[in-house]
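Scroll down for the structure; my scribbles are underneath it.
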Amino acid sequence: MLKVDVITLFPEMIEGAVSHGVLGQAVKSDLLSVKAHTPREFTEDKHRTVDDRPFGGGDGMIMLAEPLKKTIEKVQHNTSKVVYLSPQGRTLNAAIAKEFSKEEHLIFICGRYGGIDQRIINEYVDEELSIGDYVLSGGELGALVIIDALARFIPGVLGHGESAEKDSFSDGLLEQPNFTRPREFLGQDVPEVLVGGNHKVIGEWKDKVSALVTLKKRPDLFREYIKVETEKYNSLKKKKTAAP
Ligand SMILES: Nc1nonc1C(=O)NCc1ccc(Cl)cc1
């Protein structure tokens, strides 16, 4: 079972967010474990100080190295992968989420204020990860986005038969439009094909519309998809001609 430890000054943010919906169910069913730890537990001064002013001046405060070191060392073991959430990391995508879902133990360090002491990054961090090119007030939302995205790749987290492999992006394409009751709403009808019940025809419709939606909304993804599919086709053809 994948174990996730989140180091954060706001443990309730994490505990709250992983106790609802699909994530909450996954944690309850022991498919995934998510625990939060605050460095404030490891402070010894009266004011439980976790940050201080940066050497060299500048705005904002920096999270102190000592409480972070103690928190990391409390949860770390030899198979842990330590990830620091920061705008300087590689940007999360479905492939990274899938890769992370295969880890045994993830430790997410959530910076607050102006970030954390560089020596913690040098000593403990295996990888910096970003959820996008913008600056948040802390790494907690980044950690939660990654936990949510990777959880979908853990077998059993989504309903039986459902799978993150069929999610948008996982096959490289955006999803086709979805409809439920009623058949007509605001003068708009549900596409007849979806009501017909012919699964082969419905599957073909979904594949075609999914490609068209991607071409229209994310031509960059569409070009990548065509490149990948062409490479797959060519290597298959090569195998067939090479096989005796
Ligand atoms: N973008 C992101 N993707 O993941 N995390 C973020 C983020 O802004 N974290 C807060 C933060 C802000 C500044 C510094 Cl120095 C470190 C961490």
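The values are calculated or read from the model by the stated rules, or taken from the named source; none is laboratory data. In this text the structure is predicted, and so the values were computed from the model without any measurement. Every residue, glycine among them, receives a Cβ derived from its backbone with ideal geometry; neighbour counts consider all protein chains shown. These area figures cover heavy atoms from the full protein model, side chains too; ligands, DNA and RNA do not enter into them. Shrake-Rupley method; radii C 1.70, N 1.55, O 1.52, S 1.80 Å.
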* To do: Just give me the residues in the range 138-153 being open to solvent by less than 20 Å² (accessible area, probe 1.4 Å) and either more than 7 Å from the ligand (Cβ to nearest atom) or in contact with a Cys (Cβ under 7 Å, 6 or more places away or on another chain) (or both), in sequence order.
  => Gly138, Gly139, Glu140, Ala143, Ile146, Ile147, Leu150, Ala151
* Is it true that some residue in the range 42-58 is assigned to a helix (DSSP H, G or I), at pLDDT 95 or above and out of contact with any Lys or Arg (no Cβ under 7 Å at 6 or more places or on another chain)? -> no
* To do: Please work out which residue is surrounded by the fewest Cβ atoms within 10 Å (Cβ to Cβ), limiting yourself to the range 104-137 and to residues that are on the phi > 0 side of the Ramachandran plot and near the ligand (Cβ under 7 Å from one of its atoms).
  => Gly132
* Structure fact -> Scanning the range 87-101 residue by residue, those touching a residue at least 40 places away in the same chain (Cβ under 8 Å), closer than 30 Å to Leu31 by Cβ and surrounded by fewer than 16 Cβ atoms within 10 Å (Cβ to Cβ) turn out to be Arg90, Thr91, Asn93
* Structure fact -> Within the range 1-34, the count of residues that are of a type in the set (D, E, K, R) and in contact (Cβ under 8 Å) with a residue 40 or more places away in the chain comes to 2
* Identity of the residue in the range 41-58, within 14 Å of Lys69 (Cα to Cα) and out of contact with any Ser or Thr (no Cβ under 9 Å at 6 or more places or on another chain), that ends up least open to solvent (accessible area, probe 1.4 Å) -> Asp51
* Thr214 vs. criteria outside any helix (DSSP H, G or I) and polar (S, T, N, Q) -> no
* If you go through the range 214-229 one residue at a time, how many are in contact (Cβ under 8 Å) with a residue 40 or more places away in the chain, aliphatic (A, V, I, L, M) and either under 24 Å from Pro191 (Cα atoms) or open to solvent by less than 40 Å² (accessible area, probe 1.4 Å) (or both)? -> 1
